[in-house]
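**Q** The following block contains the structure, expressed as structure tokens.
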Amino acid sequence: MKLMRNIPTLTFLIFVLLLSACVAPAAQTPTLPATLVPTLPASLAPTLPPTHAPTLLATLAPTLPASPAPTLPTTSAAASGLNVDILKNLTFTGPVYGKTFKLLLGKYEAGSGADYLRADLLDPIAFGDLNGDGKPDAAVLLAENGGGTGVFVSLITLLDQNGAPLQNGSVLVDDRPKINSIKIQDGKIVLDAVIHGGQDAMCCPSLPVTETYALSKSGLVLRKLESITPNGMQRAITITNPKDGDIVSGSVPLQGSVTIAPFENNLVYRIIDQQGNKLAEGPVMVKADGLGGPGTFNTTIDLSKIPPGLLVRLELVDQSAADGSTLAMDSVELMIK
């Protein structure tokens, strides 16, 4: 009878044990040896708030330095569509060989024999307003080589036309000049370079010059040239009268100074129209304290044979007695009444 009374209790215990066996044990993370567990820096441990979860990949990505902005003159900024990258991948017509080509990263090379051409856009590039429309234009130096030893460098202007560069005037600087700097100042291009003097071998220019160029109806023209003598003296001409833009008739007084008196104290004046035609030429005497010293000039230029209504350029030049090359020059633009 005692055994019969314990049967319900025994049955209950068996039922509880069977029920426990049916319940799946809690999942456990397998324990790996410590040497196999990757160690992350504390900054990368997954302790971010839930809202930061999507930025975890960015946290793991390598940190790269920010790309620096191109160091262009302020005048080449967003106000203009012209920039260095555009100009180095632009289509040019080379002034020396007359061929049209497209640069790639500032370079072009194609052809063979008589058809060979290599072109390079040189550094630096200048930005500034050249035509008075308030938009920054560009002045570049393009080197062309047709397969020989000569590398002919031209100064080319590019005007901003609705944000696109338009090739405009050009002028040959020299064969293999040494370029020091180029800038646009007061609407003119100022080029500092070493070019060939009259007695230089073609490999080796030795004449330091500062050349100032400006756009005119006839294209890009040299407006002023200064040079440095072998003993380091500056050779320059400065016209003080007349002034740029003066309206004149019949004749005009020409006054100014030189830093170094020319050979036999003689300068040469020229009057040139907007198409580049020479209308008049003659000597101008310089008064100097001594041989090769500073001096002044004061004379009158006859304009009676110049047709009225013309815009002309009056140039005053110091020419080399040895080879006729220009050692110094200054000029003004005049309207003939």
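**Q** Answer yes or no: is there a residue in segment 264-282 that is out of contact with any helix residue (DSSP H, G or I) (no Cβ under 8 Å at 6 or more places or on another chain), assigned to a strand (DSSP E or B) and of a type in the set (Gly, Ala, Ser).
**A** First, the residues of segment 264-282 that are out of contact with any helix residue (DSSP H, G or I) (no Cβ under 8 Å at 6 or more places or on another chain): 264-282.
Going one step further and asking which of them are assigned to a strand (DSSP E or B), we end up with 266-273, 278-282.
Next, only the ones that are of a type in the set (Gly, Ala, Ser) stay: 280, 282.
Yes - at least one qualifying residue is present in segment 264-282.
**Q** A further question on this structure: Please state which of the following conditions CYS203 fails to meet, knowing it meets all the rest: (1) closer than 18 Å to ALA139 by Cβ; (2) at pLDDT below 95.
**A** CYS203 satisfies every listed condition except (1).
**Q** Also: In segment 180-220, which residues are part of a loop (DSSP other than H, G, I, E, B), under 20 Å from VAL96 (Cβ atoms) and either under 16 Å from the mean Cα position of the chain (by Cα) or of a type outside the set (Gly, Ala, Ser) (or both)? Show your work before the answer.
**A** Start the filter on segment 180-220 by keeping residues that are part of a loop (DSSP other than H, G, I, E, B), which leaves 186-187, 196-206, 217-218.
If we keep only those that are under 20 Å from VAL96 (Cβ atoms) too, we end up with 196, 200, 202-203, 205, 218.
Result: HIS196, ASP200, MET202, CYS203, PRO205.
**Q** Further, regarding this structure: Name every residue in segment 297-311 that is over 11 Å from LEU267 (Cα atoms) and either of a type in the set (Gly, Ala, Ser) or in a strand (DSSP E or B) (or both), in order of residue number. Working first, answer last.
**A** Start the filter on segment 297-311 by keeping residues that are over 11 Å from LEU267 (Cα atoms), which leaves 298-311.
Answer for segment 297-311, where residues must be over 11 Å from LEU267 (Cα atoms) and either of a type in the set (Gly, Ala, Ser) or in a strand (DSSP E or B) (or both): ASN298, THR299, THR300, ILE301, ASP302, SER304, GLY309, LEU311.
**Q** Can you tell which of ALA138, ALA110, ALA119 is without any contact (Cβ under 8 Å) to a residue 12 or more places away in the chain and of a type in the set (A, V, I, L, M)? So that I can check it myself, show each step before the final result.
**A** Details: ALA138 fails: without any contact (Cβ under 8 Å) to a residue 12 or more places away in the chain; ALA119 fails: without any contact (Cβ under 8 Å) to a residue 12 or more places away in the chain.
So the residue among ALA138, ALA110, ALA119 that is without any contact (Cβ under 8 Å) to a residue 12 or more places away in the chain and of a type in the set (A, V, I, L, M) is ALA110.
**Q** How many residues, within segment 223-248, are exposed (fewer than 13 other Cβ atoms within 10 Å of the Cβ), polar (S, T, N, Q) and either in contact (Cβ under 8 Å) with a residue 60 or more places away in the chain or over 16 Å from MET335 (Cβ atoms) (or both)?
**A** Residues meeting the conditions: 1.
**Q** Report, by residue number, each residue of segment 273-286 that is among the charged types (D, E, K, R) and loosely packed, with under 12 Cβ neighbours inside 10 Å. Spell out the reasoning first.
**A** First pass over segment 273-286, keeping only residues among the charged types (D, E, K, R): 273, 278, 281.
Correct list: LYS278 only.
**Q** Considering only residues that are polar (S, T, N, Q) and either touching a Phe, Trp or Tyr at 6+ places or on another chain (Cβ under 6 Å) or not in a loop (DSSP other than H, G, I, E, B) (or both), which ones fall in segment 221-251?
**A** Residues of segment 221-251 that are polar (S, T, N, Q), as a first pass: 227, 229, 231, 234, 238, 240-241, 249, 251.
Passing the criteria: SER227, GLN234, THR238, THR240, ASN241, SER249, SER251.
**Q** Another one. Considering each of LEU130, LEU105 in turn, give the residue that is surrounded by 15 or more Cβ atoms within 10 Å (Cβ to Cβ) and either touching a Cys at 6+ places or on another chain (Cβ under 7 Å) or modelled with pLDDT of 95 or more (or both). Before the answer, list the steps.
**A** Numbers: LEU105 fails: surrounded by 15 or more Cβ atoms within 10 Å (Cβ to Cβ).
Checking each option against the conditions leaves just LEU130.
**Q** Which one of these does ASN131 not meet: (1) under 21 Å from LYS224 (Cα atoms); (2) under 15 Å from the mean Cα position of the chain (by Cα)?
**A** (2)
**Q** Return the residues of segment 312-337 that are within 15 Å of PHE263 (Cβ to Cβ) and assigned to a loop (DSSP other than H, G, I, E, B); say none if nothing qualifies.
**A** SER320, ALA321, ALA322, ASP323, GLY324, SER325
**Q** Here is a list of conditions, (1) crowded, with 20+ Cβ neighbours inside 10 Å; (2) farther than 14 Å from ASP174 by Cα; (3) within 13 Å of the chain's Cα centre (by Cα), and PRO124 meets all of them except one; can you say which number that is?
**A** (1)
**Q** Further, regarding this structure: Might you let me know whether segment 315-326 holds any residue that is within 37 Å of the chain's Cα centre (by Cα), at pLDDT 95 or above and of a type in the set (A, V, I, L, M)?
**A** yes
**Q** Also: Out of all the residues in segment 171-189, is one or more under 20 Å from PHE92 (Cα atoms), free of Cβ contacts under 8 Å to residues at least 40 places away in the same chain, in contact with a Leu (Cβ under 9 Å, 6 or more places away or on another chain) and among the hydrophobic types (A, V, I, L, M, F, W, C)?
**A** Yes, segment 171-189 has at least one match.
**Q** Sort out which residues of segment 147-179 are under 15 Å from the mean Cα position of the chain (by Cα), among the β-branched types (Val, Ile, Thr) and more than 14 Å from LEU215 (Cα to Cα), and write them in order of number.
**A** Within segment 147-179, VAL153, ILE179 qualify.
**Q** Hey, another quick one. Please work out which residue is farthest from SER170 (Cα to Cα), limiting yourself to segment 91-111 and to residues that are part of a strand (DSSP E or B) and touching a Lys or Arg at 6+ places or on another chain (Cβ under 6 Å). Break it down into steps so the answer makes sense when it comes.
**A** Taking segment 91-111 first, the residues part of a strand (DSSP E or B) are 91-93, 100-102, 104, 107-110.
Filter again for touching a Lys or Arg at 6+ places or on another chain (Cβ under 6 Å), leaving 91, 109.
On the way: THR91: 15, GLU109: 21 Å.
The selected residue is GLU109.
**Q** Can you tell me which of ALA236, ALA280 is modelled with pLDDT of 95 or more, closer than 30 Å to GLY169 by Cα and either over 36 Å from the mean Cα position of the chain (by Cα) or among the aromatic types (Phe, Trp, Tyr) (or both)?
**A** On the way: ALA236 fails: either over 36 Å from the mean Cα position of the chain (by Cα) or among the aromatic types (Phe, Trp, Tyr) (or both).
Answer to the selection: ALA280.
The values are calculated or read from the model by the stated rules, or taken from the named source; none is laboratory data. Keep in mind that this is a model prediction, so the values were computed, not measured. Cβ coordinates were reconstructed from backbone atoms using ideal geometry, including for glycine residues, and neighbour counts include every protein chain displayed.
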